[in-house]
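The values are calculated or read from the model by the stated rules, or taken from the named source; none is laboratory data. Since we're looking at a predicted model, the values are computed, not measured. Glycine also receives a Cβ, built like all others from the backbone with ideal geometry; neighbour counts cover every protein chain displayed. Quick note on the areas: whole protein, heavy atoms, side chains included, nothing else; ligands and nucleic acids left out. Shrake-Rupley method; radii C 1.70, N 1.55, O 1.52, S 1.80 Å.
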Amino acid sequence: MTSADLTRDNLRGGLLMMAAMAAFAIEDMMTKAVSGRVPAGEIILAIGIGSTLVLSLVALRQRQPLVTPAILHPLVMLRNLAEMSGTAGFITALTLMPLATASALHQTMPLAMTLGAALFLGEKVGWRRWAAVAVGFLGVLVILRPTGDGLSGFAAAATMTAVFSLAVRDLATRKVAGAVSSLSLALWGSASFIPSGLILMVATGSDWIMPQGLDWLMLAGLAGMGVTGYSLMVSATRVGEVSAIMPYRYSRLVFAMVLGWLAFAEVPDGWTLLGGTMIVGSGFYTFLRERRLARR
């Protein structure tokens with residue numbers, strides 16, 4: 001493959017990643033819009049049922065088995081548990097804070113992965129990336145402003161639970177990727193939303209609320225956008241170099257800001273913009289540093 005071909009593939013992969021982030025941002029916006037009328041646990045349950053049905057149909061069409069012994073692999077089970085807690089945390093956070101703020105805090109996940117890879121997978125992390133991780137989490141404190149008028153402790157806890165749980169999910173995915181197909185991981189990850197939603201409803205004491213007209217469409221749209229975003233993200237990683245297209249994930253924050261302004265008239269304050277810039281900048285530097293080391 002020539003350098004021009006690689007550049008073209010990386011650009012195509014980056015555009016696919018941006019499309020995936022747009023789909024996820026729309027999913028987040030729909031989640032926040034419907035959360036005022038439908039409990040968070042019920043939303044997670046609807047996403048799980050809808051996306052599991054769609055992915056099951058895709059698996060059957062591709063003649064892949066729905067149930068395999070691989071689902072009992074310890075790393076697959078760890079991945080699903082992390083998916084459960086991460087999804088519950090993030091959707092709970094969306095109901096408690098502005099869309100752009102939740103998205104900005106979510107961008108710390110690559111930094112959490114760097115931290116986890118160093119602590120639990122034995123990967124070597126130099127002082128530059130440690131400094132980037134520190135700057136990124138300092139950005140989190142800027143957004144949360146724990147001693148000022150920032151977010152509530154519960155909202156902050158829900159967000160950080162989501163970040164570290166999803167980092168565990170992705171680290172487990174990295175270790176098990178060769179043994180289980182991407183479709184199977186996605187299918188069982190989606191299925192894990194179902195018990196997660198039920199557990200959250202019981203834990204919060206939420207009553208079941210029958211969705212009305214538009215809410216049914218919103219819940220269906222949630223599942224559709226989630227599957228679309230996942231499919232686009234997988235396609236992106238198969239087209240270009242992962243290290244080249246991963247920075248495009250930060251476009252999700254831009255989409256979230258635009259949608260938050262259009263749908264909810266949310267305008268991020270200066271502290272949120274500063275903290276978000278610190279998080280995105282440190283994460284972007286981490287990607288570039290990892291890419292440079294890989295080339296060496």
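A few comments on the model shown:
- Per residue value of the accessible surface for the chain (all protein chains in place, 1.4 Å probe), Å²: 48
- Histogram of C-alpha separations across the chain, 10 Å bin width, %: 6, 27, 37, 24, 6, 1
- Using the Cβ-Cβ distance between ALA263 and LEU288 with R0 set to 25 Å, the FRET efficiency from 1/(1 + (r/R0)^6) comes to roughly 0.15.
- One decimal place: the segment GLN212-THR7 gains 69.0 nm when fully extended, by the rule 0.36 nm per residue minus the C-alpha distance.
- Label zone at ARG145 (point 7 Å along Cα-to-Cβ), backbone N below 14 Å, segment 251-287: 267-276
- If the convex hull is drawn through the Cα atoms of segment 153-241, its volume per residue in Å³: 141
- Cut-off under 5 Å, modelled amide H: who pairs with GLU123 long-range: ALA118
- For segment 194-296, chymotrypsin sites (Phe, Trp or Tyr not before Pro) meeting the loop criterion (DSSP other than H, G, I, E, B) and having at most 15 other Cβ atoms within 10 Å: TRP208.
- Carbon plus sulfur fraction of accessible area for the chain, probe 1.4 Å, in percent: 69
- The fraction of Cα-Cα pairs per 10 angstrom bin, counted from 0 for segment 1-129, comes to 9, 25, 33, 27, 5, 0 percent, rounded to whole percents.
- Rough spin-label spacing in nm, given labels placed 7 Å along Cα→Cβ, for ALA220 and TRP130: 5.4
- Two-site label geometry, LEU66 and LEU121: point separation in nm, points 7 Å out along Cα→Cβ: 3.2
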